[in-house]
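One structure is given below, encoded as structure tokens.
Throughout, read-outs are computed from the coordinates displayed, never taken from laboratory work. Note that the structure is predicted; figures quoted are calculated from it, not measured. Neighbour counts run over all protein chains shown; Cβ positions are idealised from the backbone, glycine included.
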Amino acid sequence: MATAMTLEPVKKKPLPAGLPREWYESHNRRLKAMRLAISLLDSGTYDARRATNRKIRTMAVRTGIHRPSNVTCKLVRAFIISNGA
């Protein structure tokens, strides 16, 4: 018999102050790419070759995430590859 597992949302902490702007941009890009990669994996896209820019951007629209850039799409594919699928 399987039991339902409830997860509580992660409490957000403020980002550290005083770092260069590029660090914040990179950090937010990685978070966005990770959210998209998780959504794609949950929807059954386990192969990075099938995760086209179009598919990634469609998933972004479906999940309410702003349109990702080409760099973010590339990072999403890298996360899917590192997942080991």
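Could you check the simple spin-label distance between SER82 and TRP23, using points 7 Å along Cα→Cβ, in nm with one decimal?
Label at SER82, label at TRP23, 1.9 nm between them.
If you keep only loop residues by DSSP, which trypsin sites (Lys or Arg not before Pro) in region 3-85 have at most 14 other Cβ atoms within 10 Å of their Cβ?
Qualifying residues, ordered by number: LYS11, LYS12.
Taking the Cβ of ASN83 as the center, what net charge do the other residues with Cβ under 12 Å away carry, scoring Lys and Arg +1 and Asp and Glu -1?
-1
Under a point-charge model restricted to the Cβ atoms of Lys and Arg (+1) and Asp and Glu (-1), what is the dipole moment magnitude of region 21-82 relative to its Cα centre, in debye to the nearest 20?
Using only the charged Cβ atoms, the result is roughly 200 debye.
Calculate for the chain the 222 nm mean residue ellipticity that helices alone would give, adding -39,500 (n - 2.57) per DSSP H run of length 4 or more and normalising by residue count, nearest 500 deg cm²/dmol.
-18000 deg cm²/dmol
Mean shadow of the chain, computed from the convex hull of its alpha carbons, in nm²?
So the mean shadow area of the Cα hull is 7.5 nm².
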